[in-house]
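What follows draws every value from the coordinates through simple rules; no lab data is involved. The structure presented is a predicted model; accordingly, all values stated were derived computationally and were not measured. Here the Cβ positions follow ideal geometry from the backbone for every residue, glycine too, while neighbour counts run over all protein chains shown.
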Amino acid sequence: MTELVVIIFSAALVNNFVLVQFLGLCPFLGATCKLEGALGMGLATGLVLTLASAFSYLVERFVLIPLDVTYLRLVSFIVVIGAAVQFTELVLSRAFPLLHKVLGIYIPLIASNCAVLGVALLNSNASRSLAAAIFYGAGAALGFGIVLVLLSSLRERLEGEDVPAPFRGSAITLVTAGILSLAFFGFNGFSRL
Amino acid sequence: MSTGTPIARGLLPERLIIPMDQQAGPAAVPVVEVGQRVRKGEMIGRPGGLRSAGVHASASGTIGAIREGPVPTVNGLTTSLCVHLQTDGRDEQAPSEGWPRERDARIDAICNAGIVGLGGAVFSTAEKLRDDAECDLLILNGAECEPYISCDDMLMREHPLEVVRGALAMMDLTGAESTVFAVERDKPDALRAVREAAAQLGDTRIEFARVPTVYPAGGERQLVELLTGREVPSGSYPPAAGCICQNVGTAFALDRFMRRGEPLTSRIVTVTGNGVAHPANVEVPIGTPIGDLIHFCGGYRGDVTRLILGGNMMGYALPGDDLPITKAGNCIVAAHADEIRESTGEWPCIRCGDCADVCPPRLLPQQLLRAATVRDFDQLDSLGLNDCIECGCCDIACPSQIALTERFRQAKQAWAVVSQRAAMADLATRRHRRKLARLAAQTEDIHRQQDDLIAAIGSEDSRAMIEAAVARASRRRGESDTAH
Amino acid sequence: MRFELKPPPHALPTTSVPKVMRHVIYALAPAAFAHVWFFGWGICINALIATAAALGAEALMLRVRSRPVKPALLDGTATVTAVLLAFAIPPLAPWWVPVIGAVSAIVLAKHLYGGLGSNLFNPAMVGYAVLLISFPVEMTYWLPPRGAELGHSPVGAWDSLRFAVTGSLPQALAVDAVTQATPLDLVREGLTSMQTLAEVQAGPLFGGMGGRGWDWVNSLIAVGGLYLLFRGIIRWHIPVSMLAAIVVLAAVFHTIDASRFASASFHLFSGASLLGAFFIATDPVSAATTNRGRLIYGAGIGILVYAIRTWGGYPDGVAFAVLLMNATVPLLDRYTRPRIYGRPR
Amino acid sequence: MVTGTVVLSSLAIALAIGLVLCSRYMAQSEDSVVDEVERILPRIQCAQCGYPGCRPYAAAIVAESAPLNLCPPGGEDTVRRLARFLGRDAAHLASPAAVAGVAAVPASLDDIAVIDEDLCIGCNLCVRACPVDAIVGVHQMMHTVITDHCTGCALCLPPCPVDCISLTPRHA
């Protein structure tokens, strides 16, 4: 059991997908205008990530390997992720129309989010067990969500500040993201548990 | 500074400016004309509606003029109809009717006598007593609303008997089971005097509480929480928490009206500050120009840069000293430049939270400031801007010396404008939808009529209708041919 | 008589930002003297260089933004940041280390966000983190404390000044021979190479609780912290919750396995725990503003400091812990608001 | 090679069927977002954004067929709040002239329409133009504006043949 907890902890914080491995940066900068939007984005990506890591494992284990077509791994993962994203967009537009409108273009963009494909490929490279793969996806989603929420709350607080004109908008966001990844440096070297 | 000498009396200026709008409710309506001679205590303005109160001549004399003029009220300088009275120094007392029998007549008499809360809010006392919400506790507020003010303290020391008798009368009127006298810890002799008076009257329903002298202990919401642990719900008044707060000055005025039939024509005002020769508590006829009051206390001393009505914390600066003392004026501070705050907002807010520590309603002024700067009214609502009592504690505690209270006042005004426009917008939306619905219904009626007509074409009675119409037309044409 | 019209309240304010910052510097003074006594004049040189760089950067930024320069320089906030940075830099450091640290702190962490009161992260810690990650070698030139017999004369004031300017020491002293790891580094290396704690702590550098020189410096920092507490400059919530978190975690793990986890007192009096608790985490601008928020903020820093020290890759994680918790401050401010008088929730 | 294509296509078809089934039974609700956007607009129904009312403009914004900066009475504040709510960039307010079919007089809640009663010929054109029925008057008789209901939308100014309506500040 501690093995799974370690996976989640290391995927979420130690080698955080956004701030340490620098994957999934476009929603990280794009979808964090508002806290609600960032929270929604984190959950949506989390849903896609867990679905994708589970399905990609199953597809590879029960379809690609027996039929010896493992060279199709990348393409089939993309198909799986695309389906997961469509499913998430459906769920969002039906159950949370407000969130669907606020996130807008960023939901289909999850399909092109390198963190999602990254999880699927890393899972298959490290040939983890199904449970480990799902936990790794969940850990990555958790890390992605935490960082998204943090940055959006920081950006909302920045609205009232008198930031110098050239730095307003995405420039100060990038500076903040930089300092955030500076802080996440504290976590490297943790995997020596 | 001003508690050394006893209450100074005998101030009678030759000119009195008695404003009609002196209470929290609507302004009184004058009942006298120019040139008419009135005696002291005679009604010159009758209550102008609910929550209003009567206004009386503070001295005998002739009415010089009745005109609009600037008047210092609770929330700043406003203009109000004022009766200018030329006093003749004879100080004749007008006859007064007796103290009526049953409760409602008494409450109306109190209202006509112009008795209002003298703690500073000038809320109509009659209205408070009439409100028969189940109040089990009457709180007599002997705590000063601000550090330098000592009018309540001196009043309790010199007239304890009248104050306690007034309190007992209030208890009977409101039906409260018990009364608590709140006196600040640093006023032992006032407490002793009032305790002896209560013993003398032999009434056991009165208890005494020594309240810590921490500003703003005088605020009624803070006093209710201090004495009873209950909190007055946000946006409502103490009766909602089962208590009624009355100032000791109001009790004294009620007693004077009960026994001697004198309406509220004078009040005790603390005159203090380095700019006054002899700071003192003075019994001041209502309507006395502040200049005369300062002159009575020995005139100005040194160069006075600011004249404040009220204390240092919530009082506001007056443009000149020709303004009258109203029922709400409990203190006048003539201040030199060195004892008051000059600049504000030296440094940006460093979010240290000292202001949140001193805020009586437990708000977060640093977050309110940020939300006010960004004009985020939903955030201001959830942060409780409406619960801010503008006591000024946060300004004093702020290391960046930001004028927080003023910023919150402006935010409240901006918010009032925004919410008023939102209400108008809601109304406009409803009316627009109703109009669209009406237009849709009208077009629908027209369509239905056309359908009926179309359906009617081809049936027998429709052909008869057409021939009748043709016949009418030809007859008309026939008459018009013969007419030409 | 005409009088001036100013809004209430009219009473005089009781304090001001320069006064607050001055008290912080007074509180740091005793610890600085102990630092000089044990580790030579290095810290004073660094402090002066850092302060000069910080004030220079601030003046430049304010001039560029055409803001009044004089009041901002006199309010002492840049000075406090520089002095705190100097405490975190090793005494023997080339001149450009404090300069880069101070400039990145003032420009990057403070003025890019809009000057005093707007910075989201603690400027001193951003500066320190930049230095720690960009110049790992220079950040390990710590000196042995006075009194630890290590066979060579301690580095004099002139020697450290020479090193700061020229980067070279007099021939008698070689940089590697002179410099010495901090007790925390020694504990880390010892534990990773499977030595038991007792063996590691038997070395000459250890004595007292946090290491020979360090326990004096840290206890004087605690004295300075208590001074700030009683003057009301800082509140108890952050220091108490942070130190409590460290002590509790250290005690728990120490009882579990005494040979692999250091004792609570060692953690308390070594590295920057006390400096962090009283001076760095309590920086009002980047810390939480509600009391409950401060408790969570402090506890979070304590937990992260212990985690990084025990399992992390860096000897002392105070800088990263503070930066991480700074990131959570907007959330803490929003969700830990006290109940308002007269409102149900 | 053949097995590869078969595997992929079957995988895709399976997932597609799953999605179609899901989309069938979930109910669609769109208008809650339009309500939210409409509440941000000043809602004085002045049609100076080129849409016949605030709700149509809100629907256009939600359908992303209209930019956020067409509302003159809302001003920069409304543009900023719309951008904040929808997470889009806040462009500067389009100058009223650039908006199709706009009255020369900018609408604002701070103004109200006032009819110069002795010039009014009772033609009833303004009553039809007023979006909130704030003008009363019988045919051929003098008309007047109900100040509480008038939103200052200036729609009654153009249709008046004798030009007797003017927009004046509300609290003159």
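Express the relative contact order of chain B as a whole percentage, based on alpha carbon pairs under 8 Å and six or more residues apart in sequence. Walk me through the intermediate numbers first.
On the way: 940 pairs, mean separation 69.4, N = 484.
Over chain B, the number comes to 14 percent.
About the centre of its Cα atoms, the protein assembly as shown shows a dipole size close to 1520 debye [charges on the beta carbon of Lys, Arg (+1) and Asp, Glu (-1) only; nearest 20 debye].
One compactness figure for segment D:103-172 is 0.98, namely its Cα radius of gyration divided by 2.2 N^0.38 Å.
By the gyration tensor of its Cα atoms, with a ≥ b ≥ c the square roots of the eigenvalues, what is the shape of the protein assembly as shown: rounded for a/c under 1.5, prolate for a/b over b/c, or oblate? Since a/c reaches 1.5 but b/c is at least a/b, the shape of the protein assembly as shown is classed as oblate.
Placing dummy labels 7 Å off each Cα toward the beta-carbon, the span from residue B:342 to residue B:91 is 4.5 nm. Considering all different alpha carbon pairs of segment A:99-193, the Kirkwood hydrodynamic radius works out to 16.1 Å. Tell me, what is the Rg over Rh of chain D, with Rh the Kirkwood radius over Cα pairs? On the Cα set of chain D, Rg over Rh gives 1.27. FRET efficiency for the residue B:373 to residue B:37 pair, using the beta carbon distance and R₀ = 45 Å, is estimated at 0.20.
Against the empirical 2.2 N^0.38 Å scaling, what ratio does the C-alpha Rg of segment A:27-184 come to?
So segment A:27-184 has a normalised radius of gyration of 1.16.
3J(HN,Hα) along segment A:30-45: x, 8, 9, 5, 10, 5, 4, x, 5, 4, x, 4, x, 5, 4, 5 Hz, from the Karplus curve 6.51 cos²θ - 1.76 cosθ + 1.60 with θ = phi - 60°, whole Hz, x for Gly and Pro.
Note on D:40-49: average number of Cβ atoms from other chains within 10 Å of each residue's Cβ is 3.
The lysines whose alpha-carbon is closer than 26 Å to the alpha-carbon of residue C:110, local same-chain residues fewer than 8 away aside, are A:34, C:19, C:70.
Geometric descriptor of segment D:31-98, per residue, is 73 Å³ (volume of the convex hull of the Cα atoms). I want the local charge near residue B:14. Using Cβ-Cβ distances under 14 Å, sum +1 for each Lys or Arg and -1 for each Asp or Glu among the other residues. Computed value for this residue: -2.
Order by neighbour count: B:128, A:34, fewest other Cβ atoms within 10 Å first, most last.
Going from sparsest to densest Cβ surroundings: A:34, B:128.
Volume per residue for chain B equals 288 cubic angstrom (convex hull of Cα atoms).
Where Lys and Arg each count +1 and Asp and Glu each count -1, what net charge lies around residue C:291 among other residues with Cβ under 13 Å from its Cβ? My count for the surroundings of residue C:291 gives +3.
By the rule of a C-alpha distance below 27 Å, with chain neighbours fewer than 8 residues away ignored, the lysines paired with residue B:40 are B:128, B:327.
Dipole of the protein assembly as shown computed with +1 at Lys/Arg Cβ and -1 at Asp/Glu Cβ about the Cα centre; of A:6, B:174, B:396, farthest Cα towards the positive end is A:6.
For segment A:1-81, the equivalent ellipsoid built from the Cα gyration tensor has semi-axes of 28, 17, 12 Å, listed from largest to smallest. Between the helical axis of B:460-483 and the longest alpha-carbon principal axis of chain B there is an angle of about 90 degrees. Using a Förster radius of 45 Å, what is the FRET efficiency between residue B:461 and residue D:139 based on their Cβ-Cβ separation? Nearest 0.05, please. According to the calculation, E is roughly 0.85. Considering only the other residues whose Cβ falls under 13 Å of the Cβ of residue B:63, what net charge follows from Lys and Arg at +1 and Asp and Glu at -1? Cβ neighbours under 13 Å give a net charge of +1.
Kirkwood Rh and Cα-based Rg: tell me the resulting Rg over Rh for segment C:208-334, rounded to two decimals.
Result: Rg/Rh = 0.97.
Under unit Cβ charges (Lys, Arg +1; Asp, Glu -1), what dipole magnitude, rounded to 20 debye, does segment A:27-184 have relative to its Cα centre? I would put it at about 160 debye.
Whole-Hz Karplus values for segment C:272-280 come out as 10, 4, 5, 4, x, 5, 8, 10, 8 Hz, taken residue by residue from phi with 6.51 cos²θ - 1.76 cosθ + 1.60 and θ = phi - 60°; glycine and proline positions read x.
Dimensions of chain C based on its C-alpha atoms, expressed as ranges along the principal axes with the largest first, amount to 81, 50, 31 Å. Of all aspartates and glutamates in the structure, the ones whose alpha carbon falls short of 19 Å from that of residue B:187, not counting any fewer than 8 places away in one chain, are B:144, B:146, B:152, B:153, B:158, B:162, B:196, B:207, B:220. So the label point goes 7 Å from the Cα of residue A:3 along Cα→C-beta, right? Which residues of segment A:164-193 then have their backbone N under 19 Å from it? Residues A:191-193 qualify, since their backbone N sits under 19 Å from the label point. Direction-averaged projected area, Cα convex hull, segment C:18-146: 7.4 nm², rounded to one decimal. The 3J(HN,Hα) values that the Karplus relation (6.51, -1.76, 1.60; θ = phi - 60°) gives for segment C:119-135 are, in residue order, 5, 7, 10, 5, x, 4, 6, 5, x, 5, 5, 4, 5, 4, 8, 7, 10 Hz. Gly and Pro appear as x. Taking amide hydrogens as placed 1.01 Å from N in the peptide plane, the amide H of residue B:15 sits under 5 Å from those of B:87, each at least 5 positions away in sequence or on another chain. With the charge dipole of chain C set up from +1 on Lys and Arg Cβ and -1 on Asp and Glu Cβ about the Cα centre, the Cα lying farthest toward the positive end among the listed residues C:293, C:164, C:139 is that of C:293. Taking a point 7 Å out from the Cα of residue B:79 in the direction of its Cβ, none of the residues of segment D:139-162 has a backbone N less than 19 Å from it.
Taking the Cα centre of chain B as origin and assigning +1 to Lys and Arg Cβ atoms and -1 to Asp and Glu Cβ atoms, the resulting dipole is close to 940 debye.
A crude spin-label estimate for the pair residue B:230 and residue B:5, with each label 7 Å from Cα along the Cβ direction, gives 4.3 nm.
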